[in-house]
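Peer 1: Here it is, the structure in full.
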Amino acid sequence: MQITARVDYAVRALAELASTDGRAASRAELAENQDIPAKFLETILADLKRAGVVRSQRGAHGGYTLAARPEDVSIADVIRAVEGPLTSVRGSAPEDMEYAGSAAQLRDVWVAVRAGIRQVLESTTLQHLIDGRLPDGVQRLLEDSEAWRRR
């Protein structure tokens, strides 16, 4: 799975926003605090607003706020808001793929990959990030030294 700059920036900006305890934060503040290009963040925030993840308000005390509590916004929600489905195979849902012969089981592999990705991303919320404590299942995965080994 490739995690794009768009996803990385979106999650970082929302973690920053979640840490403001409900206070509105400007695009410039979010960009500066997380070292994100402000113009790029503007388009990301627009996508997050369209998806209902953030709200914006104008004025002297304006800016962006989360539309839900940090514990109710998963990393999966953020990815879906800025990029669409968590996994696809050549633009299609894994369960819609059909393979013949010796590759027939490949569809099931892609569905299992999606299930594993969901398990981590749907269980991890913005609150976990700002608390510095990941869900137990995610933490267990990190305790395996193989998780840290690049292949």
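What follows is calculated from the coordinates using simple rules that are stated; it is not laboratory data. Quick caveat, the model's predicted, so the values are computed rather than measured. We place every Cβ from the backbone using ideal geometry, glycine too, and count neighbours over all the protein chains shown.
Peer 1: For an R0 of 25 angstrom, estimate the FRET efficiency from the Cβ-Cβ distance between F40 and D131 and round to the nearest 0.05. Don't skip to the answer; put the middle values down first.
Peer 2: On the way: r = 27 Å, r/R0 = 1.09.
FRET efficiency, F40 to D131: 0.40.
Peer 1: Now, a different point. Say each of E143 and E83 gets a label point 7 Å from the Cα, pointing the same way as Cα to Cβ; how far apart are those two points in nm?
Peer 2: Output for this residue pair reads 2.9 nm.
Peer 1: Projected onto the charge dipole of region 5-148 (+1 at Lys/Arg Cβ, -1 at Asp/Glu Cβ, origin at the Cα centre), which of P94, L142, V7 gives the Cα projection farthest towards the positive end?
Peer 2: V7
Peer 1: Beyond 26 Å, what percent of the Cα pairs of the chain remain? Don't jump to the answer; show the numbers that get you there.
Peer 2: On the way: 3914 of 11325 pairs.
Distances greater than 26 Å cover 35 percent of the Cα pairs.
Peer 1: Which loop trypsin sites (Lys or Arg not before Pro) in region 1-55, with loop taken from DSSP, have no more than 15 other Cβ atoms within 10 angstrom of their Cβ? Can you show the working numbers first?
Peer 2: Working: sites: R6, R12, R23, R27, K39, K49, R50, R55; in loops: R23.
Hits after loop and neighbour filter: R23.
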